[in-house]
Amino acid sequence: MDEWNAYIRSDLALEPVSEGSLSGLAFAVKDVFAIANYTNSAGNPDWLRTHGPADRHAQTIEKLLHNGARLRGTTVTDELMYSLLGENVHYGTPVNPKAAGRVPGGSSSGSAVAVAAGLVDFALGTDTGGSVRVPSSYCGIYGFRPSFGAVSMNGVIPLAKSFDTVGWMGRRPKTLLDVGQVLLNKGGAKHPGFRKLLLPEDAWSQAQEDVRDLLLNELQAFMKNGLASEWVRLPGNGLKEWADTFRAIQGTEIWQEHGEWIRREAPAFGPGVSDRFEWASTLSPEALPGLMAKKRELENQMDTLLGQSSLIAIPTVTGVAPLLHMTGEQAELQRTATMKLTCIAGLAGIAQVTVPFASSCGNPIGLSFIAGRGQDLALLEWLYENSREGAADR
């Protein structure tokens, strides 16, 4: 029995195809990754009812199996990946092992719980608006969202094509790096290293005061390792502009992707998810070119800010995991506040890793680092080398 309710199918198993760098490690996947002869639910029974089994595995699963990893189960996701809380009215809410009575975060909720509970060594999720980073922070584990396009989405149910990424979670920085060396394009010579840590005032102001103070204190350990720090402001006209741009592009693309199926099948959605799809249906696709131009402008400005040798440090989310059963306006306000932080890497299309710490009340909270374009592996290497695990291995 799955006491954590992490799984859709805990009995689904695939053995590795060959030995490799991940031999001995077990992983789970969010129930949106294609597995041959298996039908994904995408967190909704009507999706399961109206779709058939896959012909082959998702490309990411193939790579992991060919590098020695064992698949152990498919995990619960928020309905069609369109939420950040992790609650599912159809399949039940995964139990947060690190914060009793609080949400696990979504939409990769089951994957985060499976890792946090020690059921697997790592798990795959998808991250469009924060769906790997948020549950990783709430469940007290490491989580990585790669640069847009750095990992194949082949065989993964899409949400919003300009933002969808395959991410992964683990309890150790070394695990994140090992998986990254399999799934990411490796590139050329080793990165020379990061020299500056940028602290965006507008992002840090979003966090609750006690969380902000705790994470800023934790940052001191990273700055002792030769990083100069500098307070900055993010490009553009504030995080509301970032979040509004992200949300409008995401909503428009979501409706373009799934609107026809929703209109045809009239699926039963939970209240928050239903409201968001209804809102997405009202967006005009004619506004998309202008929104994409704004996205490209912010991307270019972020490229200039970060260059090749700087990192951005931000709180992953505004505070600890909310209590279960948050609804209505309160839930939407929580989502809006969270997305002001998660939209930064999403809109810019660059890599972000979240690192777990314990808040003053003992519940998990994440500190994130964002690297410049194409610096995915460099970021994971830097995190490992500057972690206690990396120091012990030297």
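The values are calculated or read from the model by the stated rules, or taken from the named source; none is laboratory data. Bear in mind the structure is a predicted one, so any value in this text is a computation, not a measurement. Don't worry about glycine lacking a Cβ; one is built from the backbone with ideal geometry, like all the others, and counts go over all protein chains shown. Calculation scope for accessible area: heavy atoms of the full protein, side chains included, ligands and nucleic acids excluded. Shrake-Rupley method; radii C 1.70, N 1.55, O 1.52, S 1.80 Å.
Scanning segment 304-328 for residues that are more than 16 Å from Gly105 (Cβ to Cβ) and surrounded by fewer than 17 Cβ atoms within 10 Å (Cβ to Cβ) returns Thr304, Gly307, Gln308, Ser309, Thr327, Gly328.
The numbered conditions (1) more than 14 Å from Val355 (Cβ to Cβ); (2) open to solvent by less than 10 Å² (accessible area, probe 1.4 Å); (3) part of a helix (DSSP H, G or I) are all true for Asp178 except (2).
State whether the residues of segment 211-224 include one that is in contact with a Lys or Arg (Cβ under 8 Å, 6 or more places away or on another chain) and crowded, with 16+ Cβ neighbours inside 10 Å. Scanning segment 211-224, I find no residue that is in contact with a Lys or Arg (Cβ under 8 Å, 6 or more places away or on another chain) and crowded, with 16+ Cβ neighbours inside 10 Å, so the answer is no. If the condition is being open to solvent by 20 Å² or more (accessible area, probe 1.4 Å), touching a helix residue (DSSP H, G or I) at 6+ places or on another chain (Cβ under 6 Å) and among the small types (Gly, Ala, Ser), then segment 1-20 contributes only Ser18. When we screen Gly92, Gly105 for residues that are farther than 19 Å from Gly155 by Cα, surrounded by fewer than 18 Cβ atoms within 10 Å (Cβ to Cβ), under 22 Å from the mean Cα position of the chain (by Cα) and at pLDDT 95 or above, the only hit is Gly92. If you check Ser147, Ser152 for being closer than 21 Å to Pro16 by Cα and in a loop (DSSP other than H, G, I, E, B), only one passes: Ser152.
Restricting to segment 25-48, and then to whatever is without any contact (Cβ under 8 Å) to a residue 60 or more places away in the chain and either under 22 Å from Ser109 (Cα atoms) or touching a helix residue (DSSP H, G or I) at 6+ places or on another chain (Cβ under 8 Å) (or both), can you tell me which residue is surrounded by the most Cβ atoms within 10 Å (Cβ to Cβ)? Among them, the one singled out is Ser41. Looking at Pro271, Pro173, just one residue is of a type outside the set (Gly, Ala, Ser) and crowded, with 20+ Cβ neighbours inside 10 Å, and that residue is Pro173. For segment 329-364, residues that are in a strand (DSSP E or B) and either on the phi > 0 side of the Ramachandran plot or surrounded by 18 or more Cβ atoms within 10 Å (Cβ to Cβ) (or both) total 6.
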